[in-house]
Each structure stands twice: as structure tokens, then as C-alpha cells.
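Take a look at the structure set out below.
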Amino acid sequence: MQKIRQILLFVERGFSQRSIERETGINRRTIAGYIKTFTSSGLSIQELLLFNDHDLQVYLNIDKKETVVKDARQLHLESHYEYFTTELRRVGVTRQLLWQDYISEYPDGFGYSRFCELLQDHLRKGNSTMHFDHEPGRLLEID
């Protein structure tokens, strides 16, 4: 809430969005979204600054997260990711064969290209790695 108050103060003093971005380190688009929220609230900047942190947060609905409702097809596909992953390790099993099994079980499912795209996204998440550059003997890293 401190950053929100900073943005409110900068807006009240007539700072541009670019200068607010430089001062606070918050992205300009995020700042523009906050300013839009401020103006749509119907209150002036001075009135918003009088709120305590909790009331300001509730009034502006800042912590309100939009929930993404997943498609039933995607939920069904996600429930089979583990099976697909293990099957792809077997010799002779292709994505085309897995898709054919998937579509025979769930006829309203995704087409082949979307199926492959979602499966590839899932497989990439499992192979996350990070490379550390360091000078040998200077730093001890423990996992």
C-alpha cells in the first residue's frame, strides 16, 4: 500500500507517468491502471489519501484477483498429463497416438495442434533448470 500511496501523491503533485515510473520502479502500464482505478472511484486524490491502508485497499479493490475459469476440455487434458509423460518415454509412442487415444475417449477435446501445444507447455515446466556462473573455488553453493 505504500507504493499506492506514493503513486497517489505523485499524481496529486502533477507528475507524469514516466517520472512516477522512474521514482517508484513500477511499470508505466501498472501506474496507468492504478490511475484509471483512482479516477473511476469517484473520489478525489486528497479523499483517497485520507483512507487508512485497509480501507483504501478494499475501496479500490486492489487485492481482488481475477479468477480464471478453465475450460472443461483443459481440465480433462491436465488430468492425463502424467500418463502422457510416462507414455512418451516408451519406444514407438508418438504424440499422434496419444492424441488419437485422447480424442477417442473425449470426442469434444482439443485438436491435434492445440493438444501438442498444451502438452509441450507441460513438458517444458518439468525441465526447469538454472545455470549459475561462478569462479571455481571462490563460492560454495549447497543445494
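The values are calculated or read from the model by the stated rules, or taken from the named source; none is laboratory data. Please read these numbers as outputs of a predicted model, since none were measured by experiment. Backbone-built Cβ (ideal geometry, glycine too); neighbour counts: all protein chains shown. Only protein heavy atoms, including side chains, enter the accessible area calculation; ligands, DNA and RNA are left aside. Shrake-Rupley method; radii C 1.70, N 1.55, O 1.52, S 1.80 Å.
Of the residues H131, H54, H80, which exhibits the maximal mean-square fluctuation in a Gaussian network model of the chain defined by a 10 Å Cα contact cut-off?
It is H131.
In a shell of Cβ-Cβ distance under 13 Å around I20, excluding I20 itself, what net charge do Lys and Arg (+1) and Asp and Glu (-1) give?
Working: positive: K3, R5, R13, R18, R22, R28, R29; negative: E12, E21, E23.
Neighbourhood net charge equals +4.
With Cβ to Cβ distances under 14 Å as the rule, what net charge do the other residues near E105 carry (K, R +1; D, E -1)? Before the final figure, lay out the partial values.
Working: positive: R73; negative: E87, D101, D108.
For residues surrounding E105, the net value is -2.
Mean separation of Cα pairs under 8 Å and 6+ residues apart, divided by the residue count of the stretch 6-138: what relative contact order is that in percent? Numbers along the way, then the final one.
Details: 45 pairs, mean separation 18.4, N = 133.
In percent, rounded to a whole number, it is 14.
Using only Cα positions of the stretch 6-65, each an equal point scatterer, no hydration layer, compute I(q)/I(0) via Debye at q = 0.25, 0.26, 0.29 Å⁻¹ and quote the log10 values to two decimals.
Debye intensities relative to I(0), on a log10 scale: -1.14, -1.20, -1.35.
With r defined as the distance between the Cβ atoms of Y112 and V69 and R0 fixed at 35 Å, what FRET efficiency is calculated, to the nearest 0.05? Before the final figure, lay out the partial values.
Numbers: r = 25 Å, r/R0 = 0.71.
Working from the Cβ atoms, E equals 0.90.
Where the centroid of each part is defined by its Cα atoms, how far is the stretch 96-117 from the stretch 14-36 in Å?
Using only Cα atoms to place each centre, the spacing works out to 45 Å.
Can you give the calculated 222 nm mean residue ellipticity of the chain, where each DSSP H run of n ≥ 4 adds -39,500 (n - 2.57) and the sum is split over every residue, rounded to the nearest 500 deg cm²/dmol? Let's see the in-between values first.
On the way: 9 runs with 88 residues, N = 143.
Result for the chain: -18000 deg cm²/dmol, rounded to the nearest 500.
Pairwise over distinct Cα atoms, reciprocal of the mean inverse distance: report the Kirkwood radius of the chain in Å, one decimal place. Please report the intermediate quantities before stating the final value.
Values: mean 1/r = 0.0489 Å⁻¹.
By the Kirkwood definition, the hydrodynamic radius is 20.4 Å.
Return the carbon/sulfur percentage of the accessible area of the chain, one whole number, probe 1.4 Å, all protein chains in place. Write down the numbers at each step before the final one.
Numbers: 5490 of 10930 Å².
Taking all protein chains in place, the chain shows 50 percent carbon and sulfur surface.
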